[in-house]
Amino acid sequence: MTTEAVLDVARRAREASHGLALATRAQKDAALLAMAEALLARGSEVLDANADDVARAETAGTPANIVDRLRLTPQRLDDMARGLREVAALPDPVGEVVRGGTLANGLELRQVRVPFGVVGMIYEARPNVTADAAGICLKSGNAVLLRGSSSARSSNAAIVAILRDAAVAAGLDADVVQLVPGDSHDSVKALMRARGLVDVLIPRGGAGLIRSVVEESTVPVIETGVGNCHVYVDRAADLDKALAIVVNAKTQRTSVCNAAESLLVHADVADAFLPEVIGALQRADVTVHGDAAFAAYDGVVPATDDDWGEEYLSLDISARVVPDLDEAIAHIRRWSSQHSDAIVTEDQSAARRFVAAVDSAAVLVNASTRFTDGGEFGFGAEIGISTQKLHARGPMGLPEMTSTKYVVVGDGHTR
């Protein structure tokens, strides 16, 4: 029964996608703005449902960082609505000509952006993803099937009900946004096997979820990745800048994939920088898991190999002193998840070498890893951050939620 229920919503999404592909930008933008207004007007419904989810999670002993991802506040609700408005203000990617011209034989050739059709989202906690994904998919002309975690089922149900009502009020089919029925893995499995009805799946969550979807799905997958992000403080770093960047990257919000999880410091500045950065991190309640150089300071926990590869998503950071830039690059190549890695330096040659040698979705120079974000990049609310190299990489906004097709116009041409 679960499989058939999932296939039913997928069929409805496929049908709704046909109409959405023909919608004008004005129609889609009107729906997005209506969704934003409805979320705020009916915000109490969402917050009440979310309070039930949070209470259930806390009773079950869910880790604090996961509860933080799950919890909605009036501010986070405002952010969701603002994200929808920002997406409405962005150019419509559908119909954009990627390249084109007239061939030697007189044929006119254009490669244009088109929607995928039906996008499936499988994600953990974070009910704000529900609105973000719905908004980006709608603007890019895709119907979306949302399969959030059971921990957020009340929140997601309330949000989707509001979004569907707003879509209808704006003249669109309600089925452009749907929840995937069921709380068990069977419903997830059915979605992953709905090839032909679902065009692409995007998993967004922990390493286990992403690996499961990539390995089990017969539907094509855009893989979002975990964030073992590094900040490297070079010998030529401005240490005041470095201190501010490290503390921000680690503590501004710990439960997100672009938070820094590892700190590397050049040996030439270690004596000056370690006491300052350890003190600042400890004052922010961060536990430092350090190599011998760091562990010589009070309160630092000796690091193990497990620490170097860990995505903590908590007030923890691994830390190591390296002899030179090349060793910092080698460490990042060994342990990074290829999400976001940063260098702090005033030496432009060192910055260029780091940027060229570090193969991550985002490489930052003198900036916090927390900037790897669709909103911060000006894309509007993102659908996720891809760490793979096909079809998209880095924060995925509207263009990344489209495919292309070729339009060929002739005048009786035959070959």
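The values are calculated or read from the model by the stated rules, or taken from the named source; none is laboratory data. Everything numeric in this text was worked out from a predicted model, so none of it was measured. Methodologically, a virtual Cβ is constructed for each residue, glycine included, from the backbone with ideal geometry; neighbour enumeration extends over all protein chains shown. Remember, those area values only see protein heavy atoms, side chains included, never the ligands or the DNA or RNA. Shrake-Rupley method; radii C 1.70, N 1.55, O 1.52, S 1.80 Å.
Values as computed for the structure displayed
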{"item": "Region 81-129, subset in contact with a strand residue (DSSP E or B) (Cβ under 6 Å, 6 or more places away or on another chain) and polar (S, T, N, Q), residue surrounded by the fewest Cβ atoms within 10 Å (Cβ to Cβ)", "result": "Thr102"}
{"item": "In region 393-415, residue nearest to Tyr232 (Cα to Cα) [restricted to those that are open to solvent by less than 30 Å² (accessible area, probe 1.4 Å) and within 12 Å of the chain's Cα centre (by Cα)]", "result": "Gly394"}
{"item": "Residues of region 1-21 satisfying the condition of being open to solvent by 90 Å² or more (accessible area, probe 1.4 Å) and either at pLDDT 95 or above or not aliphatic (A, V, I, L, M) (or both)", "result": "Glu4, Arg11, Glu15, His18"}
{"item": "From the options Gly378, Gly374, residue that is in a loop (DSSP other than H, G, I, E, B) and on the phi > 0 side of the Ramachandran plot", "result": "Gly378"}
{"item": "Selection count where residues are touching a residue at least 60 places away in the same chain (Cβ under 8 Å) and open to solvent by less than 30 Å² (accessible area, probe 1.4 Å), scope region 22-40", "result": "8"}
{"item": "Residue identified as in contact (Cβ under 8 Å) with a residue 24 or more places away in the chain and either open to solvent by 10 Å² or more (accessible area, probe 1.4 Å) or in contact with a helix residue (DSSP H, G or I) (Cβ under 6 Å, 6 or more places away or on another chain) (or both) among Gly182, Gly196, Gly208", "result": "Gly182"}
{"item": "Selection status of Asp359, open to solvent by 40 Å² or more (accessible area, probe 1.4 Å), at pLDDT 95 or above, part of a loop (DSSP other than H, G, I, E, B) and under 20 Å from Trp335 (Cβ atoms)", "result": "yes"}
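Here is a yes/no grid of residues against (1) free of Cβ contacts under 8 Å to residues at least 24 places away in the same chain; (2) open to solvent by 20 Å² or more (accessible area, probe 1.4 Å); (3) among the charged types (D, E, K, R); (4) more than 17 Å from Thr369 (Cβ to Cβ):
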| residue | (1), (2), (3), (4) |
| --- | --- |
| Ala272 | no, yes, no, yes |
| Ala280 | no, no, no, no |
| Asp285 | no, yes, yes, yes |
| Val300 | yes, no, no, yes |
| Val322 | no, no, no, yes |
| Arg334 | no, yes, yes, yes |
| Ser337 | no, yes, no, no |
| Val344 | no, no, no, no |
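Yes/no per residue for (1) open to solvent by 20 Å² or more (accessible area, probe 1.4 Å); (2) under 21 Å from Ser360 (Cα atoms); (3) within 18 Å of the chain's Cα centre (by Cα):
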| position | (1), (2), (3) |
| --- | --- |
| Val213 | no, no, yes |
| Asp240 | yes, no, no |
| Asn248 | yes, yes, no |
| Thr304 | yes, no, no |
